[in-house]
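Please read the structure below before turning to the comments.
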Amino acid sequence: MGSYSNGTIYAPEEMTELKHDQHSFRGTWAGENAEVPAIMPTDTAAICNMSVTHRVEAKYLGVDNVNFENLTLDGEVGAALRIGGIISISGSTFANNKVTGKAASLNGAYSRGGAIYTNAGLTVDAGDGDPTLFVNNSATGHGGAICSYFTVDVTGATFSGNKSTNSYGGAIYSSSGNFTNIINTLFVDNTSS
């Protein structure tokens, strides 16, 4: 199939199916009153059933029924999540998150991943029935909602109104040489310029 690029998805390699191994999570933060650390203290962690009010950084992370809304970072990547390992997301909402300016961690390139920035595998699914929503996220660089430098597997999600300026992937940016698999997912009014 070769490269595929439009305002919604930038995936330079052929889209194909990908399966991830399941991880067991050692640290779990759950419930409305749980205080989620900005940097997870364990290699593998899980957060569920809450709203998070700051960016979370982790190596391996499971996210279930979590809201990440109205988070803004200037000169950074991933306003909601910055992940160095495999991440699994289900039934969560990422809304009105944005990264602006140019990121020092990217040698002055435009900030990437309005909601999520990852260097490893990303799985997004509907969980127990509610789709994961990516709504009105934006980045000045790649990936209005998601910027991934590894595999991306999305099933049963909705991407609406996400945008990437100065770059590719209004909804999703998946870098060269990696696999992107998207099933039963809705894309509405995502743009890149």
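A short reminder: the numbers here are calculations on the coordinates, not readings from a lab. Not measured: the values here are computed from a predicted model. For neighbour counting, all protein chains shown are included, and Cβ atoms are generated from backbone atoms with ideal geometry for every residue, glycine included.
Would you tally the net charge around Thr100, using a Cβ to Cβ cut-off of less than 15 Å, leaving Thr100 out, and scoring K and R as +1, D and E as -1?
Residues near Thr100 contribute +3 overall.
What is the local net charge at Val63, summed over the other residues whose Cβ is closer than 15 Å to its Cβ (Lys, Arg +1; Asp, Glu -1)?
Working: positive: Arg55, Lys59, Arg82; negative: Glu57, Asp64, Glu69, Asp125, Asp128, Asp130, Asp153.
Neighbour charge sum, excluding Val63 itself: -4.
Taking the square root of 5 times each eigenvalue of the Cα gyration tensor, what semi-axes in Å does the equivalent ellipsoid of the range 74-128 have, largest first?
Values: eigenvalues 107, 34, 6 Å².
Over the Cα atoms of the range 74-128, the ellipsoid semi-axes are 23, 13, 6 Å.
Tell me which residues come under 5 Å, amide H to amide H, from Thr72 once H is placed; ignore anything under 5 positions away on its chain.
Hits under the 5 Å cutoff: Lys98.
Return the Cα extents of the range 104-193 along principal axes one, two and three, sorted largest first, each rounded to a whole Å.
40, 25, 17
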